[in-house]
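Visitor: There's a structure below that I have some questions on.
The values are calculated or read from the model by the stated rules, or taken from the named source; none is laboratory data. All values reported here derive from a predicted model rather than from experimental measurement. All Cβ positions, even for glycine, are placed from backbone atoms using ideal geometry, and neighbour counts span all protein chains on display.
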Amino acid sequence: MNQKERMLAGLPYRAWQDGLEEERTHCKEVIYDLNHLHPRDRAQIPEILKALFGRTGEDVWLEPPFHCDYGWNIEVGDHFFANYNLTILDVGKVTIGSHVMIAPNVSLYTAGHPLHPASRDSGYEYGAPITIGDHVWIGGSVVILPGVTIGEGAVIGAGSVVSRDVPPGVLAAGNPCRVLRAITEEDRDYYWRNFRFDVTDY
């Protein structure tokens, strides 16, 4: 088993061997082009993402700048939107559902290192997958750590550090992130806090 195969299996691996460094360099070249598009060329963004990511649905968009390690280890569904400064360390598989919105300065870290300094100094690292369900909203400056699954319809409040799974249909926030309450049908009539919609087409 080479180092890429070990990485994809979630086993300890060394990131500079067996072509992984070259793959990251290729990814950086694609991302450089994405992040330096002139504003009049922004229509190219979806096609660049389709070439970079392992799988994309329809209507995918992000606002540069963006950073990731490989790109091919990221899958996004339909109607995906990410705002400025999304960082995805995709040594582990990152699977993002449909109708997902990601606010600015969000980081998804599938990568980790051993706790003990001697083990860490060996150069071995690991990756654990991150899964984000359909209809999830990730607030600004959220950090999602390795191995986390966020359930369908959940909302993660700004500034949260998500170290454990979040169930579907809840509002969760904090450091560490914890469930605050369920999202109910009553919430449908409010656009923010206790402010009701003044329109009928929501």
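Visitor: Residues Ile144, Ile183: which one is more than 27 Å from Leu20 (Cα to Cα) and either over 23 Å from the mean Cα position of the chain (by Cα) or at pLDDT 95 or above (or both)? Working first, answer last.
Guide: Working: Ile144 fails: more than 27 Å from Leu20 (Cα to Cα).
After ruling out the rest, the residue left standing is Ile183.
Visitor: Further question on the same structure: For Pro167, indicate whether it is exposed (fewer than 13 other Cβ atoms within 10 Å of the Cβ) and modelled with pLDDT of 95 or more.
Guide: On the way: exposed (fewer than 13 other Cβ atoms within 10 Å of the Cβ): no; modelled with pLDDT of 95 or more: yes.
The answer is no for Pro167.
Visitor: Among the listed residues Gly127, Gly140, which satisfies the condition of being among the small types (Gly, Ala, Ser) and either touching a Cys at 6+ places or on another chain (Cβ under 8 Å) or over 21 Å from Val60 (Cα atoms) (or both)?
Guide: Details: Gly140 fails: either touching a Cys at 6+ places or on another chain (Cβ under 8 Å) or over 21 Å from Val60 (Cα atoms) (or both).
Exactly one residue qualifies, and that residue is Gly127.
Visitor: Just checking, how many residues over the range 86-106 are closer than 18 Å to Leu34 by Cα and surrounded by fewer than 19 Cβ atoms within 10 Å (Cβ to Cβ)?
Guide: Residues flagged as closer than 18 Å to Leu34 by Cα and surrounded by fewer than 19 Cβ atoms within 10 Å (Cβ to Cβ) within the range 86-106 amount to 3.
Visitor: Can you run down the residue pairs with Cβ atoms below 7 Å, 6 or more apart or on separate chains, where the first is in the range 182-202 and over 13 Å from Val155 (Cβ atoms) and the partner is hydroxyl-bearing (Ser, Thr, Tyr)?
Guide: Cβ pairs passing all conditions: Arg196/Tyr190; Phe197/Tyr191.
To keep it simple, each residue is scored yes or no on (1) of a type outside the set (Phe, Trp, Tyr); (2) farther than 18 Å from Pro129 by Cβ.
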{"residue": "Asp33", "(1), (2)": "yes, yes"}
{"residue": "His38", "(1), (2)": "yes, yes"}
{"residue": "Phe53", "(1), (2)": "no, no"}
{"residue": "Asp59", "(1), (2)": "yes, yes"}
{"residue": "Val76", "(1), (2)": "yes, no"}
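Visitor: Can you name every residue in the range 37-59 that is out of contact with any His (no Cβ under 8 Å at 6 or more places or on another chain) and in contact (Cβ under 8 Å) with a residue 12 or more places away in the chain?
Guide: Leu37, Ile45, Pro46, Ile48, Leu49, Ala51, Leu52, Phe53, Gly54, Arg55, Thr56
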